[in-house]
Amino acid sequence: MKTIKFTLIAVLFLVISNLSVLASNNDELETVKFSSLNASVYKQDNRLVVTLVNTDMQKIKLVLKDQFGKTVFSKAMSQKAFSTKTIKVSKLKAGKYTAEISSSNQTIKRTIQI
C-alpha cells in the first residue's frame, strides 16, 4: 500500500513538473518550465526525513551542514524518480542545520532546527 502511494505521488510530481505554463506579455508567449528536482525535508522524532522527486533522474547528492558550514553528513542519492532517505540525528548537537540537495544544474537548501 505504501509503495502504491509513493508511486502515485511520484507520477503526480512527474506530470506537474513537466507541464509548461503559458503567459501573455505584450502579445508574446513566454514558457515557464517547472523544476525537475523537488525536495521535502522534515524532522520526525530523532530522524531527518528527506523525500526527493527527481523527474530527470539525475545524480543527486545530499549534504547536511551544521550552523558553521561543517559537513556532518553526505550521501549520493538514488537516481530514481522518487526516493526517501532517513538520517538519524540523535547524536547531533542541538542547533540549526542546512540540508543541501544538489543535481548537476540545481541546488535546493532547507534549514532544519535539531
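Bear in mind that the values in this text are calculations on the coordinates, not laboratory data. Since the structure is predicted, the reported quantities are computational estimates derived from the model, not experimental observations. Note: ideal-geometry Cβ built from the backbone for every residue, glycine included; neighbour counts use all protein chains shown.
Descending by average beta-carbon neighbour count within 10 Å, the peptides 68-75, 79-86 line up as 79-86, 68-75, the highest first. For region 33-91, the relative contact order works out to 35 percent when only alpha carbon pairs closer than 8 Å and six or more residues apart are counted. Expressed per residue, the C-alpha convex hull volume of region 35-113 stands at 79 Å³. Ordering Ala99, Asn46, Ile112 by the projection of their Cα atoms onto the charge dipole of region 35-113, which places +1 on the Cβ of Lys and Arg and -1 on the Cβ of Asp and Glu, puts Asn46 at the extreme positive end.
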